[in-house]
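The structure under discussion appears below in the form of structure tokens.
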Amino acid sequence: MTRRAVSPASLSAIDAASERVMREGMTDRHNPVYLSVLRADARSFVRRHPEVVADRADARVLRSVLMKPESETHLGPLHARVERLAAGGN
């Protein structure tokens with residue numbers, strides 16, 4: 001798994017990055033990808049990720065769910081697309 005870090009490692013940076021990836025993905029006219037976000041409270045997030053600065057009360061984090069078994073064939077391309085968005089590319 002490739003992990004992309006935000007710098008500085010803060011809830012505000014994570015929230016902004018999550019919002020950007022979600023927005024850019026769903027507004028791409030030629031290759032949209034629809035993700036959702038989960039709002040994580042600062043206390044729970046920092047307990048799991050102590051290196052992150054809790055500079056706000058919560059942060060949105062990306063999440064996605066493939067509901068049908070036949071969706072599994074789309075997982076590779078979908079993951080690659082989200083990685084490109086996270087890296088700042090389309």
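Every read-out reported here was derived from the displayed coordinates using simple, explicitly stated rules and does not represent laboratory data. What you see is a predicted model, and the numbers here were worked out from it, not measured in a lab. All Cβ positions, even for glycine, are placed from backbone atoms using ideal geometry, and neighbour counts span all protein chains on display.
The figures follow:
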{"read-out": "Whole-number percent relative contact order across the chain, with pairs defined as alpha carbons under 8 Å at least 6 apart", "value": "33 percent"}
{"read-out": "Residue-wise HN-Hα coupling along the stretch 63-68, computed from phi with Karplus coefficients 6.51, -1.76, 1.60 (Hz; x: Gly, Pro)", "value": "8, 8, 9, 9, 8, 10"}
{"read-out": "Angle in degrees between helix 11-27 and the longest Cα principal axis of the chain, rounded to the nearest 10", "value": "20 degrees"}
{"read-out": "Charge context of Asp58, other residues only, Cβ under 14 angstrom, K/R +1, D/E -1", "value": "+2"}
{"read-out": "The chain: most fluctuating residue of Val53, Val65, Val33 per GNM, C-alpha cutoff 10 Å", "value": "Val65"}
